[in-house]
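The values are calculated or read from the model by the stated rules, or taken from the named source; none is laboratory data. Just so you know, these numbers come straight off a predicted model, no measurement behind them. With ideal geometry, Cβ positions are generated from the backbone for all residues, glycine too; neighbour counts draw on all protein chains shown.
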Amino acid sequence: MKTSGMLPSSLITAHGPIRLPAYVPVTTFGDKYPLDDLVRPYLPRLAHAAMVSFHYAKQMRERPSLPLLVDSGGFASLFQNAVVRKIGGLGVLETTTDGKKETLHPRDVLDFQEQHADVAFTLDFPVPPAMSNREGRRRLSLTVANARWAIENRRRKDMLLFACVQGWDVDSYATCAKAYSKLTFDGIAIGGLVPRVRDFPQVLRIIEAVRAAVPDKPLHVFGLGKPGIVEVLFKNGVQSVDSSSYVKLAADGRFWGQTSLHLPDASPTERLHLALCNLAVAAQRTLPLSASHLVFGSQWWDRMVPAASAGG
Amino acid sequence: MQTPTRIDLNPPQQQVVERGLLTSGFNCIIQMPTGAGKTWLAEQAILATLRNDQRAVYLTPLRALANELVDKWKRLFDGFEVGVFTGEYGQHQAYPVPFDRARLLVMTPERLDACTRHWRSHWGWLPEVGLLVVDELHLLGDPGRGPRLEGAILRARRLNPFLQLLGLSATLGNRGELAEWLAGVHFVSDWRPIPVAWRCTRYQRATDKPRILHEEVDRCIAAGGQSLVFVQSRRRAEALASGLAKLGLAAGHHHAGLDSNERTRLEQEFRSGHLRVLVSTGTLEMGLNLPARQVVLYDLQTFDGSDFVPLSTNTVWQRAGRAGRRGLDTQGEVVLLAPSWDRTADQYARGQFDRVLSGLSDQAALSEQLLADVSSGLARTRSQLKRAFQMSLAAHQHRLPPVDQTINEMVAAGMMIESNEEGSRNTVVLKATRLGRIAVRQMLAPSTVVSLAKAFRSSPDGAEPVLTFLDILLICGQTKDCEPLIPVDFEELEDLSSKLAREYSTLLSGDHSAVTARFHVSGRRLLAVIKTALVARQWTRSGDPDGTAETFGCYAFEVRRLAESFERLLTAASSVVSPTKDNNRDSDDEYLRALLDEGPPLHERMKALTSMVANGLDEQTVTLTFVSGLGPKLASRLRDAGITDIEALALAEPDELGKLRGVSRCRAVRWIEEAAALIQRRSALAFREVGTKARSSTAAWPVEVNQYRLRRALDLNVRQQGEGFEVSGGLEPHRVRLEVGKLGCDCGDFAKGETCKHLLAVRLNQQDPILARLVKRLQSAACSRELDLHRLWFEGKQ
């Protein structure tokens, strides 16, 4: 798979460079995932950037000291209480919780990102495999409309803006990507691949098609972060990925090297250690010697038991 | 900061640098003698960490040393903010350089313990620490401070897995074992900048010692050197120094009781050479830099709080480490003064240091650390706790007490609760109770909080004796966290009794048995608790640490440290008794009734006492501080101007008040109004003490045998040795032998013609019937209608 020689070796952001290829850990703010609070200060030691979703980023009280990627939260359009509406030619996400209606407009997303993000992703709407083609096309056109709007309305020069690509098959993804080929985005991001990952050759074909449509911009893939898969993606024209699996597994007491086992009743700091080991494995970074007791200490191995559901 | 060239490094420093031990990333333990340049190595490691954009933490057990180092390092690490965090723990203090800003944090082990217990408040800097330097690593073996150091290290490593540890010490008997525990590397060198010769000078009688000292010191000074003499007590330091001065030597004495100006002056005079001899207690051994050509260990014993015990090899070497000044002496000299019959002093020179044994092997210490882990949210179940403490040094040494049992005891004592977790899982979780959280917050042993709770919580029937301020201090003083305890000498008992007679106390009233039953300490410890409480009470009356110290024969710094200690205990006690939100209506009514009838409820008096102790204010002046915005300093000023309590304030004239410094008329008006409103609720008189005075006695004694010496004799231990006896347990061991058909002793008392206590001890040991009868007479308390202080003294060390 050839990529254009014009691709940069790092993304230059206001908070420092992000060396490519980059493995970007996902983090959250607020009370929902306390393990993230423990892990977050250590992310700069193992990664060049962190990804956070708009919904959690709003609860951010202190900005972490590494470059921040903020996605739009359009993922929520997959939830039952969500509706995608077309208002003023743009795609707006309407969610209803406890009778209260909340709308998410591309303007809301961009305003927030310009205040806090180093890399921003446009408001997109994934198309799940079971969705009808008609609805899929509608969402796709709104995704493209939102992206076009964002690039025209971006004010901050030093914030990188990535256009999001969605679809349901190779052709639809390619079409979506082609819509961005002449625009001045800083990069392209492919979403919606997580539910499709079981058909990995299909995933690679989609990536190839998108790459062909936009050969000269950095390419990010949302949500695929499993070790093993990541290397293949990087070899196939992808410059960056993000994933929360490293911490989700740790919250379960699992270690990425051995997902059939888990540590029952892991304490908060044990989960922290697991998360850091998982991230190091995924990002192919080494842990310092002082942390060797985490990996080589017999503390865990003796106590790991077969997990209820194997695999991670 | 300039990097020294190869030539400037001494051999061990060169080796450490060449082997890359500090930059390897491994935890590292370095053992080098005092003065061989450990601090420089630590500075290199710190500098590398700071340059790597990470923070560094340096632990030292002595506050004075921390402050000294910070002054030096502010200049050395120019460009990086240096913060020092020592002092009162549990208190909210505004540090000049706050935690979040400091790149290099210098603190005591207790401070790091506190930070890791409340890690959420320190989450802004803890994860950014790359290096933790632990100076005096052997402190891990100290029963009092070791567990807190170990707990701090364990929690810090769990919270920050990237932390690299650098341990430093001159005296480790088990360096390899410690390095194994930390899964790190270690280095040792016995290189000293100046070679040192060790010598034991022996004496037949204790009375020979001053003369021997004079000879040794004289010889050293005549050859152009200086001498550092270590003794076991402050009195001895003063006596010897003045003795030497009278013989024409430039001698001074140094001990912990000097204020910082006096100490600085003495140290400067010694460094400049004006002083040739410095006689000191053990304070110098910890880090302060005052080398001399000769170090004399005049006493090979030390007082450990209740008894005299031989010095450890570690302590001897820490003192001996002072011998030899770089650039001025070609050789250092260590002289040990040892009794002729005791060969054990010879082994000190071999330098076989004690094995550092984890203080967590004590169950009470483990309880405190387990509770800290649970309370801070780092462990919620038994298995999590067990796994966490498997990483301890105690566990590594197979000396960890059974965790399950320790947890059971804490649950039984009401410090922790065990319950089923909310939700579907069948997990059992541990939580700290309110009492437990108080213990963790104030850094107190669980047993202390349990003791406070038992003493202060009212019984169901509500009929409680009113506790006076002294009583509250007594209850706090008998816990193990009250320190320092001011010991009581036999000679002081009468004076103590008369001081007590002036105080109001419910607890000390009644007959001897009733009174002693109210406390869980007894004997001399109880005497010390009583005296310590009196010291604190006097402090609240005078606000003058020097005057108080003088009255009670202790040191001003002890008064200050005592005040800190009591403040912590009182804050905890206040939390224990203060009404909680989940009070039911009944206790609300009780509370109101108490307000109207009796006088301030216990917790209000406790709060008042806390402020009194923290600021040296008496019970009248403290009522002024109830007005918002009126702090202790202003209260003292008002008192000096004649406004002695809140009622006087309510009646004051705004114009007069406004004339005082720091008080504007506007403020004065506000205060007067607020005071008037407050006294509607409670009269200031309510804090005045009423009730029974503490009565005690020192009973009359027979005259046949000198009772003072006989009493002393009861404390001594007699051991047969060859043809005579060795009598120990006093200031010095002494020999009693049969000389010319009579028993003779080698002590100064006997030499003066007295029947000394050692002789009496031997006679008692040999079942002398006359003495046995006399002892029985002494011991049967003729009058036990009051607290008998002599009888407490009898009961010995408890």
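Tell me which strands (runs of 3 or more DSSP E) are completely within region B:26-90 and hold 1 or more residues being over 22 Å from B:Arg192 (Cβ atoms), or say none if there are none.
In region B:26-90, B:55-59, B:82-85 are the strands (runs of 3 or more DSSP E) which contain 1 or more residues that are over 22 Å from B:Arg192 (Cβ atoms).
How about region A:258-276: which of its residues are in contact with a helix residue (DSSP H, G or I) (Cβ under 6 Å, 6 or more places away or on another chain) and among the small types (Gly, Ala, Ser)?
Matches in region A:258-276: A:Ser267, A:Ala275.
From the set of residues in region A:297-312 that are in a helix (DSSP H, G or I) and more than 8 Å from chain B (Cβ to nearest Cβ), which is modelled with the lowest pLDDT?
Going through the qualifying residues, I end up with A:Ser298.
Residues in region B:715-736: is at least one outside any loop (DSSP other than H, G, I, E, B), in contact (Cβ under 8 Å) with a residue 60 or more places away in the chain and among the aliphatic types (A, V, I, L, M)?
no
Could you figure out which of (1) under 30 Å from B:Gly547 (Cα atoms); (2) at pLDDT below 90 isn't true of B:Lys246?
Single failed check for B:Lys246: (2).
Out of the strands (runs of 3 or more DSSP E) lying entirely within region A:89-130, which hold 3 or more residues that are out of contact with any strand residue (DSSP E or B) (no Cβ under 7 Å at 6 or more places or on another chain) and on the phi < 0 side of the Ramachandran plot?
Qualifying strands (runs of 3 or more DSSP E): A:90-97.
Looking at region B:399-430, which of its residues are outside any helix (DSSP H, G or I), more than 30 Å from the chain's Cα centre (by Cα), more than 13 Å from chain A (Cβ to nearest Cβ) and of a type outside the set (A, V, I, L, M)?
Correct list: B:Glu418, B:Ser419, B:Asn420, B:Glu422, B:Gly423, B:Ser424.
List pairs: first residue in region A:174-192 and in contact (Cβ under 8 Å) with a residue 24 or more places away in the chain, second residue in a loop (DSSP other than H, G, I, E, B) and among the acidic types (Asp, Glu) anywhere in the structure, Cβ distance under 7 angstrom, at least six positions apart or on different chains.
Going by the 7 Å Cβ cut-off, the qualifying pairs are A:Gly191/A:Asp124.
If you scan region B:652-673, which residues turn out to be among the β-branched types (Val, Ile, Thr) and within 15 Å of B:Arg639 (Cα to Cα)?
Residues satisfying the conditions are B:Val663, B:Ile672.
Among the residues of region B:111-133, what is the count of those that are within 14 Å of chain A (Cβ to nearest Cβ) and either assigned to a loop (DSSP other than H, G, I, E, B) or farther than 15 Å from B:Val374 by Cα (or both)?
13
Taking region B:165-200 as the search range and keeping residues that are of a type in the set (Phe, Trp, Tyr) and within 30 Å of B:Arg55 (Cα to Cα), which one is farthest from the other protein chains (Cβ to nearest Cβ)?
B:Phe187
Got a number for residues in region A:114-138 being closer than 20 Å to A:Asn153 by Cα and among the small types (Gly, Ala, Ser)?
Total meeting the criteria: 2.
Looking only at region B:383-398, count how many residues are outside any helix (DSSP H, G or I) and within 11 Å of chain A (Cβ to nearest Cβ).
2
With B:Leu240, B:Leu297, B:Leu278, B:Leu290 as the choices, which residue is over 24 Å from B:Cys554 (Cβ atoms) and at pLDDT 90 or above?
After ruling out the rest, the residue left standing is B:Leu297.
Identify, please: which residue in region B:687-707 is surrounded by fewer than 16 Cβ atoms within 10 Å (Cβ to Cβ) and aliphatic (A, V, I, L, M) and is, among those, modelled with the highest pLDDT?
Applying the filter and picking the extreme gives B:Val690.
Every residue in region B:531-545 that is without any contact (Cβ under 8 Å) to a residue 60 or more places away in the chain and not polar (S, T, N, Q), please.
Of everything in region B:531-545, those that are without any contact (Cβ under 8 Å) to a residue 60 or more places away in the chain and not polar (S, T, N, Q) turn out to be B:Lys531, B:Val535.
Among the residues of region B:135-164 satisfying the criterion of being more than 14 Å from chain A (Cβ to nearest Cβ) and among the hydrophobic types (A, V, I, L, M, F, W, C), which is surrounded by the fewest Cβ atoms within 10 Å (Cβ to Cβ)?
Going through the qualifying residues, I end up with B:Leu139.
Going by what's in this entry, would A:Ala47 be described as hydrophobic (A, V, I, L, M, F, W, C) and closer than 30 Å to B:Pro161 by Cβ?
yes
State all residues of region A:253-284 that are within 13 Å of chain B (Cβ to nearest Cβ) and out of contact with any Phe, Trp or Tyr (no Cβ under 7 Å at 6 or more places or on another chain); if no residue qualifies, say none.
A:Gly253, A:Pro264, A:Asp265, A:Ala266, A:Ser267, A:Pro268, A:Thr269, A:Glu270, A:Arg271, A:Leu272, A:His273, A:Ala280
For A:Val238, are the conditions met, namely being at pLDDT 95 or above, aliphatic (A, V, I, L, M) and assigned to a helix (DSSP H, G or I)?
No: the conditions fail for A:Val238.
Six or more apart or on different chains, Cβ atoms under 9 Å: show the pairs whose first residue is in region A:106-129 and farther than 15 Å from A:Leu69 by Cα and whose second is among the β-branched types (Val, Ile, Thr) and assigned to a loop (DSSP other than H, G, I, E, B).
Listed by first residue and then by second, the contacts come to A:Pro106/A:Thr122.
Would you be able to say whether some residue in region B:538-549 is crowded, with 19+ Cβ neighbours inside 10 Å, closer than 30 Å to B:Arg63 by Cα, modelled with pLDDT under 90 and among the aromatic types (Phe, Trp, Tyr)?
no
Out of region B:317-343, which residues are within 30 Å of B:Val736 (Cβ to Cβ) and modelled with pLDDT of 85 or more?
Result: B:Val335, B:Leu336, B:Leu337, B:Ala338, B:Pro339, B:Ser340.
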